[in-house]
1. Taking the condition of being within 25 Å of the chain's Cα centre (by Cα) and either at pLDDT 80 or above or not aliphatic (A, V, I, L, M) (or both), how many residues in region 107-150 meet it?
2. Suppose we filter Gly154, Gly80, Gly108 for residues that are without any contact (Cβ under 8 Å) to a residue 24 or more places away in the chain and at positive phi; which single one remains?
3. Scan region 166-188 and tell me whether some residue there is open to solvent by 30 Å² or more (accessible area, probe 1.4 Å) and either among the basic types (Lys, Arg) or more than 30 Å from Ile25 (Cα to Cα) (or both).
4. Restricting attention to region 160-184, which residues are in contact with a strand residue (DSSP E or B) (Cβ under 9 Å, 6 or more places away or on another chain) and farther than 30 Å from Gln22 by Cβ?
5. Within region 321-339, track down each residue that is at pLDDT 80 or above and among the β-branched types (Val, Ile, Thr).
6. Restricting to region 73-110, give me the number of residues that are of a type in the set (A, V, I, L, M), open to solvent by less than 80 Å² (accessible area, probe 1.4 Å) and in a helix (DSSP H, G or I).
7. Search region 205-219 for residues being part of a helix (DSSP H, G or I) and exposed (fewer than 11 other Cβ atoms within 10 Å of the Cβ), and hand back the single one that is modelled with the highest pLDDT.
8. Output the number of residues of region 23-47 satisfying the condition of being within 23 Å of Gly154 (Cα to Cα), without any contact (Cβ under 8 Å) to a residue 60 or more places away in the chain and in a helix (DSSP H, G or I).
Amino acid sequence: MNRIVKTLSLYLEGLKTPILRQKIIFTLGILILFRFIAYIPVPGVNLDLLRSFFNQNQLLSLLDIFSGGTLANFSIAALGLNPYINASVMMQLLTLVVPSLEELSKEGEYGRAKINQYTRIATIPLSIIQSIGMYGILRSQNIISNLSPLTLVGMIATMLAGTMIMIFFGELINNYGVGNGISMLIFAGIIARLPVSAFQTFATSDFSNPQTTMNIVIFMVLAFFLILGIVLVEEAVLRIPINYANRGQTTYLPIKVNTAGVMPIIFAVSLVTIPSILGQSLSSVSNPIISSVALNLSRWFRTDSYFYMIFYFLMVLGFTFFYTSVIFKPKDVANELRKSGGFVPGIRPGIATEKRLQYLINRVVFIGAVFLGAIAVMPSVVEKITGVTTLTIGGTSVLIVVSVVIELTRKIENVVQTYNYEKLTY
């Protein structure tokens, strides 16, 4: 309770800070524009059939949650940020194996701007491929009619433009708003869709059946402990003591248990849906071999299949380590400590410090990765236990919502502290 009161008072104080107030208002304005775009449909789609199809398909419903409801409405931004997220993953992987990109990533602001430019360029072909795949799925379900080549090109161009608008909105939030642009857009979409998920559960549940009521109660209790666990892990930090001989003082190098934040979940969700979408888009192909492979992909990647749970868990695990390696480099930290005269007690500066930091980060991140992977697949496990399917998506979304709120709270706190400090110095 004290934590909630403290957080609310922080937000109120943030609204009193002129700079932060402008950032918050700007961010809200962008999110409102995003919600308007989510309801501008692409012509030629039977929306009633489309929504019915999505309600019957758990994985597409999951993808719709992360597109902010734009996919179920088949709006001009139906693909959401998924092509951009996939392009970001691809570029970060290439940065590790392509020397020229690795050197570019070390060139500070210029290097990051160049890599972002390459990522946006890579988003274009990925958007086209995903647009064609989505058209194939809807065409196989008779949700969309057989389009002429010119009309199909127009639809793909419209969906591509929608994705680029979403990227533009995310970058505007990064530059002029508060919070991470991608995370905030996904957060807004989830918040907008959670009431729908809850309403579907209560509208379709038979509360005269004691087992149904018990299952929902069990789900709610597990959701409470899920939120509690996320908060505890997000707040958990390993403090490594750092001594400065020339200053005669001791500080601490903090390493979060969940160093990567919410990004591994976003990356994993974007990629784990690809096999199922590919399977469904190819299921109507006349070639029996391709049709058989497509059928197996659709079956293996159902949200209630054990293969999906294991694959999803391993994806989150891998992306947690991968993303941590991108944002925390022990070699760079060790070099900075050596230059500033700092050292870890009992460890020689340089390579020995680098190895010690790598040892600690691997063990701390492993704990966070296992926990993150476990709570990512927990909704699917709970679905098997309780039989409650409509809230499964909501359970997955809670993970991102809580993580984004905690991250946003930290950024607001930093801005407030900086503003108060600058006000005192003048």
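1. Counting residues in region 107-150 that are within 25 Å of the chain's Cα centre (by Cα) and either at pLDDT 80 or above or not aliphatic (A, V, I, L, M) (or both) gives 26.
2. Among Gly154, Gly80, Gly108, only Gly108 is without any contact (Cβ under 8 Å) to a residue 24 or more places away in the chain and at positive phi.
3. There is no residue in region 166-188 that is open to solvent by 30 Å² or more (accessible area, probe 1.4 Å) and either among the basic types (Lys, Arg) or more than 30 Å from Ile25 (Cα to Cα) (or both).
4. none
5. Once the filter is applied, which keeps residues that are at pLDDT 80 or above and among the β-branched types (Val, Ile, Thr), region 321-339 yields Thr324, Val333.
6. Residues that pass the stated criteria total 8.
7. First pass over region 205-219, keeping only residues part of a helix (DSSP H, G or I): 210-219.
Still in the list and also exposed (fewer than 11 other Cβ atoms within 10 Å of the Cβ): 210-211.
Details: Pro210: 70, Gln211: 66.
The selected residue is Pro210.
8. Result for region 23-47: 2.
The values are calculated or read from the model by the stated rules, or taken from the named source; none is laboratory data. Please read all numbers here as calculations on a predicted model, not as lab measurements. Every residue, glycine as well, gets a Cβ built from its backbone with ideal geometry; the counts of neighbours run over all protein chains shown. Note: accessible area is taken over every heavy atom of the protein model, side chains too, but ligands, DNA and RNA are not part of it. Shrake-Rupley method; radii C 1.70, N 1.55, O 1.52, S 1.80 Å.
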